[in-house]
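All remarks here apply to the structure that follows.
The values are calculated or read from the model by the stated rules, or taken from the named source; none is laboratory data. Model, not experiment: these values are computed from the prediction. Virtual Cβ from ideal backbone geometry, glycine too; neighbours counted across all protein chains shown. Calculation scope for accessible area: heavy atoms of the full protein, side chains included, ligands and nucleic acids excluded. Shrake-Rupley method; radii C 1.70, N 1.55, O 1.52, S 1.80 Å.
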Amino acid sequence: MTDASQLGFANLPFLAHRKSVKKGFEFTLMVVGESGLGKSTLVQSLFLTNFFGNKNNPPAIERISQTVSIDATTVDIEEKGVKLRLTVVDTPGFGDAVNNTQCQLQQGTLCNNWQPVIDYVNEKYEQYLRDESGLNRRNIEDHRVHCCLYFINPIGHGLKPLDIEFMKQLHHLVNIIPVIAKADTLTAPELKKLKLRVMQEIRDNGIQVYTGEGDDDDEAEFRELRESMPFSIVGSNTLLEVNGKRVRGRLYPWGVVEVENKDHCDFVKLRNMLIRTHMQDLKDYTQDMHYENFRKKKLIEGSPGHHSMANVVTAAVSGGPDKTMVAKEREMDELRRQMAMLQAQLAAQQNTV
Ligand SMILES: Nc1nc2c(ncn2[C@@H]2O[C@H](COP(=O)(O)OP(=O)(O)OP(=O)(O)O)[C@@H](O)[C@H]2O)c(=O)[nH]1
Ligand SMILES: [Mg+2]
């Protein structure tokens with residue numbers, strides 16, 4: 001059992017492997033969404049709660065200013081000798097309604113707010129791919145984004161066109177978990193209604209959010225995840241006194257909304273899910289689906305017959321007879337990649353002899 005001040009990642013089954021224990025593991029979380037929805041506040045809430053064992057040393061309250069660039073913060077956490085390197089990537093929120101309208105009017109299309117985010121995710125895949133085919137393959141640092149929290153405006157009565165477009169641009173690239181921002185501004189029935197509406201819109205628009213695969217063993221956990229989605233979030237960088245205890249929360253005339261109270265919002269549920277129950281699954285899905293797609297695309301782009309390959313792909317898509325050609329090209333690419341890796345390994349061995 002873990003006590004409240006521990007994250008519980010030391011008990012993850014995959015850590016039974018001695019190597020993982022020694023080396024530790026890496027996890028990167030990204031926050032995206034409209035400006036002013038509390039992304040930076042949540043990042044701070046994540047880093048400042050007793051989550052990281054610093055409950056006896058609460059930091060001074062700081063005013064959070066608007067985020068203007070993509071900003072990654074990394075913390076090393078150790079629990080029972082197991083190391084976790086957690087990185088949280090904060091991104092600038094996209095514009096307010098006025099700016100977006102102007103943008104649509106000027107360009108006849110929605111602003112391309114997602115490009116820096118997409119570039120960031122791709123850059124990390126690119127870096128991993130380079131390292132993977134390099135000589136120092138054993139010590140690769142994994143900076144890939146394993147999970148993206150997508151913030152939804154609580155007063156929007158559902159998804160905005162920009163949310164839909166943004167998520168569509170991202171869902172094949174990274175695991176998306178939608179969250180309702182500033183949940184303290186809604187009543188319980190309003191929140192319930194909004195949650196249902198958002199999930200319906202996500203389904204209607206063919207957006208694939210992360211729900212985990214789920215097998216018999218962890219069925220209950222996956223069910224809980226699906227039922228809680230989109231998670232309701234309250235963030236705060238203020239410590240308040242409630243019943244003699246110092247808690248992170250937001251003060252209202254009628255009382256305090258506590259970030260870490262399960263009856264007030266889903267913050268703790270989300271945190272447990274990310275760090276304890278679904279971290280490995282999020283990492284696996286990133287590796288097996290998102291990164292693998294990226295790698296294949298790169299192989300096709302990088303192959304000598306890229307242009308003829310593009311024609312082959314087009315022919316195959318349009319129902320032409322060359323589907324086997326595409327498969328053969330892919331096989332060849334894979335062989336080329338494996339050859340390159342073997343050569344790199346051989347070279348590394350020769351260097352160490
Ligand atoms: N009511 C309420 N207010 C919040 C919550 N989280 C943040 N805020 C407030 O919302 C304002 C904006 O918060 P930020 O964390 O800067 O928002 P952001 O999403 O990072 O904004 P950008 O950096 O512009 O993208 C601040 O005044 C916060 O105190 C919340 O859960 N509930
Ligand atoms: Mg911010």
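Some values worked out for this structure:
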read-out: Residue in segment 291-298 that is under 30 Å from TYR125 (Cα atoms), modelled with pLDDT of 85 or more and among the hydroxyl-bearing types (Ser, Thr, Tyr) present; value: yes
read-out: Total residues in segment 135-146, condition basic (Lys, Arg), part of a loop (DSSP other than H, G, I, E, B) and open to solvent by 30 Å² or more (accessible area, probe 1.4 Å); value: 0
read-out: Matching residues in segment 255-276 - criterion: being buried (at least 20 other Cβ atoms within 10 Å of the Cβ) and in a helix (DSSP H, G or I); value: PHE267, LEU270, MET273, LEU274, ILE275
read-out: Among residues of segment 202-235, those that are surrounded by fewer than 18 Cβ atoms within 10 Å (Cβ to Cβ), part of a helix (DSSP H, G or I) and modelled with pLDDT of 95 or more, counted; value: 2
read-out: Residue check for LEU149: of a type in the set (A, V, I, L, M, F, W, C), more than 24 Å from GLY36 (Cα to Cα) and either at pLDDT 80 or above or in a strand (DSSP E or B) (or both); value: no
read-out: Residues satisfying the stated conditions in segment 250-259, i.e. more than 12 Å from ALA183 (Cα to Cα) and out of contact with any Gly (no Cβ under 8 Å at 6 or more places or on another chain); value: LEU251, TYR252, PRO253, TRP254, GLY255
read-out: Per-region count, segment 236-254, residues within 14 Å of ligand 1 (Cβ to nearest atom), surrounded by fewer than 13 Cβ atoms within 10 Å (Cβ to Cβ) and in a strand (DSSP E or B); value: 2
read-out: Helices (runs of 4 or more DSSP H) enclosed by segment 32-134 - at least 3 residues per element that are within 25 Å of HIS171 (Cβ to Cβ) and either at pLDDT 90 or above or within 13 Å of ligand 2 (Cβ to nearest atom) (or both); value: 39-48, 115-132
